[in-house]
1. Computing the accessible area with a 1.4 Å probe over protein heavy atoms, can you report the carbon and sulfur percentage for the chain?
2. Per Stokes-Einstein, at 37 °C and 0.692 mPa s, what whole-number D in µm² s⁻¹ belongs to segment 241-311, with the Kirkwood radius over Cα pairs as the hydrodynamic radius?
3. Express the accessible area of the chain per residue in Å², computed with a 1.4 Å probe while the remaining protein chains stay in the model.
4. Could you tell me the calculated FRET efficiency between R198 and Y381, based on Cβ-Cβ distance and R0 = 45 angstrom, to the nearest 0.05?
5. Name the residues of segment 354-384 whose amide N is less than 11 Å from a point 7 angstrom out from the Cα of Q413 along the C-beta direction?
6. Per the Kirkwood definition applied to all pairs of different Cα atoms, how many angstroms is the hydrodynamic radius of segment 92-192?
7. Compactness ratio of the chain: Cα Rg over 2.2 N^0.38 Å, N = residue count?
8. With unit charges on the beta carbons (Lys and Arg positive, Asp and Glu negative) and the dipole taken about the Cα centre of segment 51-171, which residue among G67, L95, A140 sits farthest to the positive side?
Amino acid sequence: MWRAAAVRALRGAPGAGAPRAASGAAAAQLRRRLESELEEIRGAGTWKSERVISSRQGPHLQLAGGGAGIINFCANNYLGLSSHPEVIRAAVEALEKFGAGLSSVRFICGTQSIHKDLEEKIARFHQREDAILYASCFDANAGIFEALLTPEDAVLSDELNHASIIDGIRLCKANKYRYKHMDMQDLEAKLKEAQKHRLRLVATDGAFSMDGDIAPLREICQLAHKYDALVFIDECHATGFLGPNGRGTDELLGVMDKVTIINSTLGKALGGAAGGYTTGPKPLIDLLRQRSRPYLFSNSLPPAVVGCASKALDLLMESNAIAQSMAAKTQRFRSKMTAAGFTISGKDHPICPVMLGDARLASVMAEDMLNRGIYVIGFSYPVVPKGKARIRVQISAVHSDEDIDRCVEAFTQVGRKHGALP
Ligand code: PLP
C-alpha cells in the first residue's frame, strides 16, 4: 500500500479521493484566467468570505472553530421560525411520510398532495386565486417575465430591484424601462412613454433589502390605474411580517386588491428552508405551469422543505401575534441607535442599515463587533453605491430586548473607537 502511494506521489498522480486537475493547455489557460480574476476581486476589497456556523440558525449562534453564544443580527430569519420546534417537527413528519425528494419535475411525477396543499395555503394567505411553487424566489423571478411578456409588451422596473428581477427581465423580450429608485415622477414619465405597448407591467421590490425602505405602493398603484398597467411586487423582505397580519407590503399600504402579481420566498421569514412562489390570477398561474422554464425544468421542492413552509404559514394564519412582535423590536433598535448618534436608513423595517459611508470603516467595525460577540455584516461597493458603505443589521422577532441593547452598546463602543461617533 505505502509503496503504491509513494510511487503515485513521485509521479505526481492523485491519490484515491484527491482532487484531479484537468490537464491540457485550455485547462491551464482557464486556471490562470480564473486566478487572476480572483486576485482582482481580492485586490478590490470586495471578496465575500463565508463564516461557518456549527449550530442551528437563530438569534444565538455557534461559529465553527470557537465563537459560542454569538448574537446574530444578519439573517433573514425575521420571525425566528427557522428553528421553531413545530416547523422542525413538520419537516421531519413530511420527510418520513413523503420521502427525501421526488427525483422528478412537477409535471412528470413530482407533484404530491403536500405541494398542492402548500400552493393552496399560499394563495389563501395572500388572498389570491392560485399559487405556483419554485425551487427559489430567484427561479420565480427568472420564470415569470419571459412567460408573461412578449415583444408587444413593456416592463417598468425600479433601478434598485433585486438581481433576480433584473435577470428575469433580461430573459424576456418585452420593451424595458428602468425608473429611478422609488421616483414616482420618473415612473409616470416612463408609463407615458410605454403607452404605445399592448400591456405594461410595473415591477418593484416591496421592501428593498439594502436600504430597508418600502416601495410607495399606493402611489405606484394609482399610477398603474391611471396608465392602465399591472403591478408586480417581490415580497421576499415583507412576507410574514409587514402589515397587521404579516401579509406584506400590499397589506401594510392597503392595496391588496390593486397588486396583480406577488413573488416571494419560503427561505426567509416563512421557515427559512428554501423555495419560492408566484401568487396571482389563476390563468397566470396556469400559464406559468405550462411555460415557466425554471418550474418546468427543475426538480420539485423536497417534502421536508414543503413541510417547514406549510407549518410556518399555519402559525401565521392562526394568529397575528408573531407578525406583530417584530414592530416593537425594530423600533427599539432604530430609536436607540439614532439616540446614540448613528444614521439608520429606511423606516419601520427590520432591515436597519447603519450608514457609515467609508467601506474600510464598515468592514473594520463589523469585524470588531464580532470580537464583542455581535455578528453583523458590512456592505460596500459594488453591492451598494460608492460612498454609501454600511453595516446592515437585521432584527428578528426572537431577539430579546437584552440582545438588542447589547448590540446597541457594542455599536456605540466600536463606533467611538473607530471614529464613527464623536
Ligand atoms: N428577491 C429578493 C428581494 C431577495 O432578497 C432574494 C434573496 O435574497 C430573492 C429574491 C431570492 O430569493 P431565494 O433565496 O428564495 O432565491
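The values are calculated or read from the model by the stated rules, or taken from the named source; none is laboratory data. None of these values were measured; they are calculated from a predicted model. Every residue, glycine among them, receives a Cβ derived from its backbone with ideal geometry; neighbour counts consider all protein chains shown. Accessible surface is based on the protein model in full, side chains and every heavy atom, while ligands, DNA and RNA are left aside. Shrake-Rupley method; radii C 1.70, N 1.55, O 1.52, S 1.80 Å.
1. Result for the chain: 53 percent of the exposed heavy-atom area is carbon or sulfur.
2. In µm²/s, the coefficient is 241.
3. Spelled out: the 1.4 Å probe surface of the chain, per residue, equals 48 Å².
4. Step by step, r from the Cβ atoms, then E = 0.70.
5. Hits in segment 354-384 for Q413 at 11 Å: 369-374.
6. 16.2 Å
7. Its radius of gyration relative to the 2.2 N^0.38 Å reference: 1.08.
8. It is G67.
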